Amino acid sequence: YESEDALNNNLSPEWEIEVKEDEPELKVEVLEVKKGDNFIGILQNLGAQYATGLEIAESLKKAGFNVKSLKVGQKIEVTKSVDVPFGELLSIDKIVLEPRYGQKYVVERNEDEKYVAELVELELKTENKFSSGVITSSLAVAMKEAGVPQSVIGNFINIFSYTVDFRSEI
């Protein structure tokens with residue numbers, strides 16, 4: 001028969017606790033520029049330092065984009081590294097801005113941990129399509145029945161609305 005001390009020592013289990021450091025998580029966030037926003041302020045709201053925002057803005061300027069030309073409603077795609085348990089920003093890894101259709105600026109960190117921006121021109125295709133139809137009610141309805149996309153109908157009417165009275169002339 002074992003002593004009480006020996007019995008108590010056998011009852012306390014030994015557990016191996018493996019402390020694993022959490023890997024940073026990459027997150028992609030699409031931000032929309034609101035009235036009164038400025039580029040560096042947007043990055044600071046994400047948790048970036050002012051100096052980081054300034055460095056990114058300077059790299060964009062070298063590539064040909066002035067961050068002061070941001071427009072309300074413009075989208076900014078930000079890829080960031082986030083501390084997993086607390087959700088704090090560790091770094092901004094990539095930013096994509098598309099000021100005009102077919103043209104985007106990409107900012108990434110290089111091997112020296114410096115931000116470098118480049119302009120990427122996207123190849124645009126021109127496609128000509130033809131539609132015809134008879135107007136029996138309104139131009140918009142006739143265009144829709146002819147298979148014209150709604151976005152084209154809206155643009156068409158906006159373009160010619162100053163020269164054609166679509167309510168009485170057609």
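What you get for the range 18-137, charging only the Cβ of Lys and Arg (+1) and of Asp and Glu (-1), is a dipole of about 1020 debye around the Cα centre. In a DSSP loop and with at most 14 other Cβ atoms within 10 Å, the chymotrypsin sites (Phe, Trp or Tyr not before Pro) in the range 66-109 are Phe86, Tyr101.
Taking trypsin sites (Lys or Arg not before Pro) across the range 112-170, the ones in a DSSP loop with at most 12 further Cβ atoms lying within 10 angstrom of their Cβ are Lys114, Lys125, Lys129, Arg167. Placing pseudo-labels 7 Å out from each Cα toward the beta carbon at Asp37 and Asp83 gives an inter-label distance of 2.5 nm.
Approximating the spin labels as points 7 Å out from Cα along Cα→Cβ, the Lys114-to-Val30 distance works out to 3.3 nm.
Bear in mind these aren't lab numbers, they're just calculated from the coordinates by the rules spelled out. Please read all numbers here as calculations on a predicted model, not as lab measurements. Quick reminder, even Gly has a Cβ in these numbers, built from the backbone with ideal geometry, and neighbours come from all protein chains shown.
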